[in-house]
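K.L.:
Here it is: the structure, laid out below.
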Amino acid sequence: MADKSSQGEPKPEAQFAKRIDPTKEALTREQLQFIRQVELAQWKKKSAKLRGRNVATGLAIGAVVLGIYGYTFYSVSQERVMEEIDEEARAAKLQAPKTGAN
């Protein structure tokens, strides 16, 4: 039979990325500094993603607000046009001579 370690299974003594608690374990200054560097790199990576998402969300919300604002102005201007048409129709009705059919 073949040896289990040659089949690609990890060896039990090889611990990769073991979680540690810096408050409980005695770590050297170099290890603590390395931990801080890694945490800072991870934070920068995550903050770049969040910044991009925040910008996209802000632009989407801004576009919706501007769309509503623009539509409101468009609707109000249409109402004024309709009022002018109504006034013209009233004026034309008053100027038309009355006949027996009216």
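The values are calculated or read from the model by the stated rules, or taken from the named source; none is laboratory data. Being a predicted model, the structure only gives us computed values, none of them experimental. All Cβ positions, even for glycine, are placed from backbone atoms using ideal geometry, and neighbour counts span all protein chains on display. Surface areas here come from the heavy atoms of the whole protein model, side chains and all, with no ligands, DNA or RNA. Shrake-Rupley method; radii C 1.70, N 1.55, O 1.52, S 1.80 Å.
K.L.:
Among the candidates A91, A101, which residue alone is hydrophobic (A, V, I, L, M, F, W, C), at negative phi and at pLDDT 80 or above?
P.N.:
Details: A101 fails: at pLDDT 80 or above.
After ruling out the rest, the residue left standing is A91.
K.L.:
Residue by residue through the stretch 55-90, note down the ones that are polar (S, T, N, Q) and open to solvent by less than 60 Å² (accessible area, probe 1.4 Å). Talk me through it step by step, then tell me what you get.
P.N.:
Taking the stretch 55-90 as the starting set, the residues that turn out to be polar (S, T, N, Q) are 57, 72, 75, 77-78.
Passing the criteria: S75, S77.
K.L.:
Let me ask something else. Would you be able to tell me the number of residues in the stretch 21-30 that are at pLDDT 75 or above and either open to solvent by less than 90 Å² (accessible area, probe 1.4 Å) or touching a Leu at 6+ places or on another chain (Cβ under 9 Å) (or both)?
P.N.:
Adding up the residues that qualify gives 4.
K.L.:
Given the condition open to solvent by 100 Å² or more (accessible area, probe 1.4 Å), among the β-branched types (V, I, T) and modelled with pLDDT of 75 or more, answer yes or no: does some residue in the stretch 33-54 qualify? Spell out the reasoning first.
P.N.:
Pass one, the stretch 33-54, residues open to solvent by 100 Å² or more (accessible area, probe 1.4 Å): 33-34, 36-37, 39, 42-46, 49, 51, 53-54.
Filter once more, keeping what is among the β-branched types (V, I, T): none.
No.
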